[in-house]
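The values are calculated or read from the model by the stated rules, or taken from the named source; none is laboratory data. Since we're looking at a predicted model, the values are computed, not measured. Backbone-built Cβ (ideal geometry, glycine too); neighbour counts: all protein chains shown. These area figures cover heavy atoms from the full protein model, side chains too; ligands, DNA and RNA do not enter into them. Shrake-Rupley method; radii C 1.70, N 1.55, O 1.52, S 1.80 Å.
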Amino acid sequence: MEVRMLETRLVSSLEKVGICGEPTELNKDYTFSVLLGETISFQIAYRESDKEKVSEYHLNKEVVRVHETDGVHEKLQEMEAPGIRVRRVLPVMCRYSCNPESWDEDYLFRDSRMAPDLLRDIGEESLTAGEEWQSLWVDITPGQGQLPGNYRVSVSLKPADGGKETECCADVRVIDSVLPPLSIPHTEWFHFDGIVNYYKVGAFTEEFWKIFKNFLEVYVRRGGNMIYVPVLTPPLDTGVGLERTTIQLVDVEVSGDKYCFDFSNLERFLDICLADGITYFEICHLFTQWGAAAAPKVEAKVNGERKKIFGWDTPSDAPEYLHFLGELLPALKGVLAGRGLLPQTFFHISDEPDLSSAHYQTAQKAVRSLLEGCTIMEAVSDYEYYEKGLVDIPVCAVNHIEPFLEKHTPGLWSYFCCAQTVEVPNRFISMPSRRNRIYGILMYWHEISGFLHWGFNFYNSALSKEQIDPYETVDAGGTFPAGDAFLVYPGENGVPEESIRLMVQEEAISDYRALCALESRIGRDKVLELIRQEAGMELSFRQYPKTDGFILSLRDKVNRLLMEKGN
């Protein structure tokens, strides 16, 4: 029988296999470390050793505990082993990989090409191996009751037509310490029309709630603890005169010049979110994006018929819309206060308003009194907004954040999106994963108070001119750099499929939590000094080590210190 061998390499989660030639193999004696309840990831890169052959393989995984004594591994198979999940890394087509007029040298590619991003669970299907490098994504998640110690994870691939298995092993040290909860809010704007449009379900039907719960479970598991609340249809990324699918949690009925509100769907939404672990809420923007020129789309029942009562043709200072808000906001605050949620609820006026916008300042003044005692947060890039008292919490783009940091702005949040393309962290598919993961360390270094991103599942083209298939288009119809608009793909049966970017971002959040845990034991100054020594420099959002090794080595040292200090 002809014997075929599969070539494999153990590589970190920060590698994008198949993009830049030969994947970098970790040292043979490398040991991953993980805290209880944390998920860490690594990859097994593979290709057919005979470059002229294409072969089929089946996955066979076995997890055994390994006890180390003087460097000798003793298998103790009866011991409980950490949770393991193995997925295929699949490529997606990146047509608009980056902004062609704004980029730096720290990209993996800038042309149109297939690139790894989608993670898919492995069923009974076989894996095809050829001359090109591919990879399996392996997650390790030890439960809260997991026994600490050293484990060996063995993943084997067996030729479909028989023959010798190819085995790849990774050593994992489970540390008897638990990451503290994320201490700052983290929100990824959840686009509910993505569920409605892709799965062809009615908003707030039983099928909708079922799918929403599936997406929310992933959202919370990967570090989201704050959620965007579509009290009204969100006026985000919608071209002037265009409309997005109606997503309005509050039912409205017009009775003369009075409004009646039904909060039943909102109450159910809050119940689901609280049960799944959401702790913060942000109410959708009350006026249109980029300056608050108009009212968002609002539908209501008028004389028994549901119709649009406000929209692009309603100026933001229209008395009838302000009167509507004058009734809606006190009623909404009453619902939130009745559930004890008002202190952890945030409000928006308009996303990224222009400082010269008279509309924004008028809108601000019109609702400030209605939101007395509440917190207004806004994505802004100019310090004058905060200086003039137009926003309580500034959420600043990382490429404009230096003035806010220099002035030690209290409660400062940060964000990045399609425009943060040079030097600073981001998570485009065309970027190395370290540029995504470094964000956790930088947030800790600068004491950032919250993290916002606009795209958890935006499945529209730019300005929502049309709906897109996320499996075919990852760049919002050729407008946003590939990967900017969503972190999850809408999988079969209403269950989302995750991406490399989501998993690496979770690792960034875990890094932040681990640094906080270490601070509680040795103090912030010593943690900063540890980072400084490992980096060999002072960090900023533009300046940080551009190597995978820095992140991996720093986290390993943090874990070792946590293990030494104990619980």
VAL229 vs. criteria modelled with pLDDT under 95 and open to solvent by less than 10 Å² (accessible area, probe 1.4 Å): no
Every residue from the range 48-94 that is at pLDDT 95 or above and open to solvent by 30 Å² or more (accessible area, probe 1.4 Å): ARG88, PRO91, MET93
Residue among TYR219, TYR259 that is hydroxyl-bearing (Ser, Thr, Tyr), within 25 Å of the chain's Cα centre (by Cα) and either over 27 Å from SER499 (Cα atoms) or not in a strand (DSSP E or B) (or both): TYR219
Filtering the range 254-273 down to residues that are free of Cβ contacts under 8 Å to residues at least 24 places away in the same chain and either open to solvent by 70 Å² or more (accessible area, probe 1.4 Å) or farther than 26 Å from GLU207 by Cα (or both) yields SER255, GLY256, CYS260, SER264, ASP271
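Residues are listed down the side, and each one gets a yes or a no for (1) surrounded by fewer than 17 Cβ atoms within 10 Å (Cβ to Cβ); (2) part of a strand (DSSP E or B):
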| site | (1), (2) |
| --- | --- |
| GLY163 | yes, no |
| CYS168 | no, yes |
| VAL172 | no, yes |
| SER177 | no, yes |
| PRO181 | yes, no |
| THR187 | no, yes |
| PHE190 | no, no |
| GLY194 | no, no |
Can you find even one residue in the range 282-290 that is outside any loop (DSSP other than H, G, I, E, B) and either over 23 Å from THR375 (Cβ atoms) or modelled with pLDDT of 95 or more (or both)? yes
Taking the criterion of being at positive phi, touching a residue at least 12 places away in the same chain (Cβ under 8 Å), open to solvent by less than 50 Å² (accessible area, probe 1.4 Å) and not basic (Lys, Arg), would at least one residue in the range 546-567 satisfy it? yes
Residues that are modelled with pLDDT of 95 or more and open to solvent by 10 Å² or more (accessible area, probe 1.4 Å): which helices (runs of 4 or more DSSP H) entirely in the range 301-401 hold 2 or more of them? 319-338
Could you tell me whether GLY523 is without any contact (Cβ under 8 Å) to a residue 12 or more places away in the chain, open to solvent by less than 30 Å² (accessible area, probe 1.4 Å) and not hydrophobic (A, V, I, L, M, F, W, C)? yes
Within the range 529-544, the count of residues that are open to solvent by less than 30 Å² (accessible area, probe 1.4 Å) and either more than 27 Å from GLN420 (Cα to Cα) or in contact (Cβ under 8 Å) with a residue 60 or more places away in the chain (or both) comes to 5
Out of the residues in the range 410-467 that are in a loop (DSSP other than H, G, I, E, B) and of a type in the set (Phe, Trp, Tyr), state the one that is surrounded by the most Cβ atoms within 10 Å (Cβ to Cβ). PHE428
Any idea which of GLY223, GLY202 is out of contact with any strand residue (DSSP E or B) (no Cβ under 7 Å at 6 or more places or on another chain), open to solvent by 10 Å² or more (accessible area, probe 1.4 Å) and at pLDDT 95 or above? GLY202
Within the bounds of the range 130-142, is there any residue that is of a type in the set (Gly, Ala, Ser), open to solvent by 20 Å² or more (accessible area, probe 1.4 Å) and not in a strand (DSSP E or B)? no
How many residues are within 17 Å of the chain's Cα centre (by Cα) and open to solvent by 10 Å² or more (accessible area, probe 1.4 Å) when one looks only at the range 468-481? 1
State whether one or more residues within the range 482-496 are open to solvent by less than 10 Å² (accessible area, probe 1.4 Å), over 27 Å from PHE281 (Cβ atoms) and part of a helix (DSSP H, G or I). no
Can you tell me which residue among PHE404, PHE347 is touching a strand residue (DSSP E or B) at 6+ places or on another chain (Cβ under 7 Å), hydrophobic (A, V, I, L, M, F, W, C) and farther than 24 Å from TYR228 by Cα? PHE404
